[in-house]
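Below is one structure, written out as structure tokens; the observations come after it.
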Amino acid sequence: MNGLNSNTNSLDSSNQPVMNDETMQNLCAKFYEFVKDKPALDREGFQEVMKTLDLKVLHPLIVERLFKAFDKNGNNWVEYDEYVFGLNVLFWGSFDEKVRFGFSVYDFNDDGLVSREELTTMLYEVYELLFDKPADLDRLITTFVDLAIKHYDTDKDDALNFVEFEFAANTDQRIANFFTLGFATDSTEM
Ligand SMILES: [Ca+2]
Ligand SMILES: [Ca+2]
Ligand SMILES: [Ca+2]
């Protein structure tokens, strides 16, 4: 894997999670297997679901952030409708829906901004979700974050609000890949 090069202009976009109709139907059918005897999916069950997807490395923070993004009513359970909705957004949502979903994953203190720290922390996790870990990951992430803030933080608060985040994803294919956790690249909407 090439990953980010020194000027972050040639992000290789392979290794996105793969999903087809059959996998999606299986996942929907298996909801109650993952739920077991509980009322809905808890974090443990949700992690089991995520393990069935073709993702490289799933760090606990990513699982937690995805769980939060799926749990739209915030009751700490992922119910069937949230589960199907979340999977549909991830795999068949419009590009905009995936960016919005990605923003909710990255903004982990839910203050409506993706801070430099949040961006850095999430990029480490997302990088390993999508790519093999290069030796110089620290440098790649630092460079990427610096460039993303420099180019897209238009109001200069050292953070990306949703408009800035969305604009970055719409403008730069590499950023789109990261901001949508790799789920947008297969989209027919692109
Ligand atoms: Ca819920
Ligand atoms: Ca935030
Ligand atoms: Ca900003």
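Quick notes
- Residue check for Ala184: aliphatic (A, V, I, L, M), part of a loop (DSSP other than H, G, I, E, B), modelled with pLDDT under 95 and under 16 Å from the mean Cα position of the chain (by Cα): yes
- Tallying residues that are within 13 Å of the chain's Cα centre (by Cα) and within 6 Å of ligand 2 (Cβ to nearest atom) within segment 101-113 yields 1.
- Among the candidates Lys38, Lys72, Lys56, residue that is surrounded by fewer than 16 Cβ atoms within 10 Å (Cβ to Cβ), of a type in the set (Lys, Arg), assigned to a loop (DSSP other than H, G, I, E, B) and modelled with pLDDT under 90: Lys56
- Test for Glu82: is it in contact with a His (Cβ under 6 Å, 6 or more places away or on another chain), modelled with pLDDT of 90 or more and crowded, with 18+ Cβ neighbours inside 10 Å: no
- Within segment 126-140, the set of residues being surrounded by fewer than 19 Cβ atoms within 10 Å (Cβ to Cβ) and either among the β-branched types (Val, Ile, Thr) or under 19 Å from the mean Cα position of the chain (by Cα) (or both) comprises Glu128, Asp132, Lys133, Leu137.
- Across segment 63-76, the qualifying residues are those that are within 16 Å of ligand 2 (Cβ to nearest atom) and not small (Gly, Ala, Ser), and the one among them that is farthest from Asp42 (Cα to Cα) is Arg65.
- Ile141 being in contact with a strand residue (DSSP E or B) (Cβ under 9 Å, 6 or more places away or on another chain) and among the β-branched types (Val, Ile, Thr): no
- Selection over segment 127-158 of residues that are of a type in the set (Gly, Ala, Ser) and more than 14 Å from ligand 3 (Cβ to nearest atom) gives a count of 1.
- Yes/no for Lys98 being exposed (fewer than 15 other Cβ atoms within 10 Å of the Cβ), away from ligand 2 (no atom under 16 Å from the Cβ), charged (D, E, K, R) and not assigned by TED's automatic domain parsing to the domain that holds Leu41: no
- Counting only residues that are part of a helix (DSSP H, G or I) and either at pLDDT below 90 or closer than 20 Å to Phe131 by Cβ (or both), segment 59-69 holds 6 of them.
- Residues that are among the small types (Gly, Ala, Ser) and either free of Cβ contacts under 8 Å to residues at least 12 places away in the same chain or assigned to a helix (DSSP H, G or I) (or both) within segment 136-174 comprise Ala148, Ala168, Ala169, listed in sequence order.
The values are calculated or read from the model by the stated rules, or taken from the named source; none is laboratory data. In this text, all values refer to a predicted model and were calculated from it rather than measured experimentally. Cβ atoms come from the backbone with ideal geometry, glycine included; neighbour counts cover every protein chain shown.
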